[in-house]
Every structure is written in structure tokens, then in C-alpha cells.
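Below is one structure; the comments refer to it alone.
Readers should treat all values here as calculations from the given coordinates under stated rules, not as data from a laboratory. Small disclaimer: the values here were computed from a predicted structure and weren't measured. We place every Cβ from the backbone using ideal geometry, glycine too, and count neighbours over all the protein chains shown.
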Amino acid sequence: MVTATGGKSGKLAGLLKARLNEAGCSNAQVLCETDFSRIREKSREMEANIAIGHSGGRYLTEWEGIPLVRYGFPIHDRVGGQRLLSVGYAGTAMLLDRITNTLLENKYKNYRRNIYQQFYYGTIKPAGKGRGEKNELRLQPGAKRV
């Protein structure tokens, strides 16, 4: 998990590191006073399979293939971004729906290609770094087609 902020105070890191260690997330990265190039590097290194943030994170999708759930401000590359509810029970439920739908969309975007590769060629092309390739369907080395 990679968590990042452009803030300089370091308060986010202080608050999150203790909580993440308690939760058993010892390999989580908390970046303070950072930019998207560093976030991109860390996301690639940690093999992130989803990003949550404002429209500036679209570069993670464009360059690394990491799908973005737009959340926060500004959302200037979508219509209606200013009306996305993000607080309370309803906002939390809507955020969970958006995360789930983004993961499902990413899974099924390449599903048919992967199945075709597996059954007709016996191989599946690798997903590429940073796209959750460990979770993708692949034919194991030495396995035989049925």
C-alpha cells in the first residue's frame, strides 16, 4: 500500500504508520511532501493494482495501467465530479461501490483476451508491472491445456 500527500508537516505519516503497524501492514509506504512521479515509482515498486485520488492520478492509469478511482478535489476530467458525495454513510457506500466497480472493470477489460490466449495459444501475455499481475489468470509453466 502506498499513501501519499503533498503536505510538508509529516502529520499524516505519524498518524498512519502507528495504525498501519497495528493492523499488520508493515510494508506500507507513507510518502509526505511528494509528487506524482515519486508516487508512480513507489506504486510500480509496490505493484499497486488500484489508485484512489483526484484527477492528477490519471497519469498512473496512462503510464502504469493502474486504474484510478477519482475521489477528492479537484476532479476536472469528469462531468459531475463536484457532486460526488464523499462524507457520511452514503458517501462511504458510494466510495466502496466506485472502488469495486473500478476493480471489476479492470478485471473484465482484459478477460476475453486472456482466456483466448490461454485456450488457443497456451499462454497468457503478462500484465505488465504495477497492474496486479499476481492476481491475473495465467497458464502455469509446464501446465497442459485441457
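The table that follows gives values for the structure above.
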quantity: 13 Å beta-carbon shell around MET1, net charge (K/R +1, D/E -1); calculated: +1
quantity: Sequence-distant residues sharing a close amide H with ALA4 (under 5 Å, placed H); calculated: LEU31
quantity: Loop sites in the range 62-109: trypsin sites (Lys or Arg not before Pro), DSSP, at most 16 other Cβ within 10 Å; calculated: ARG78
quantity: Those GluC sites (Glu not before Pro) in the range 1-46 that DSSP places in a loop and that have at most 16 other beta carbons within 10 Å; calculated: GLU33
quantity: Longest to shortest principal axis, alpha-carbon extents of the range 1-111, angstrom; calculated: 34, 33, 26
quantity: Trypsin sites (Lys or Arg not before Pro) lying in DSSP loop within the range 1-66, provided at most 13 other Cβ fall within 10 Å; calculated: LYS8
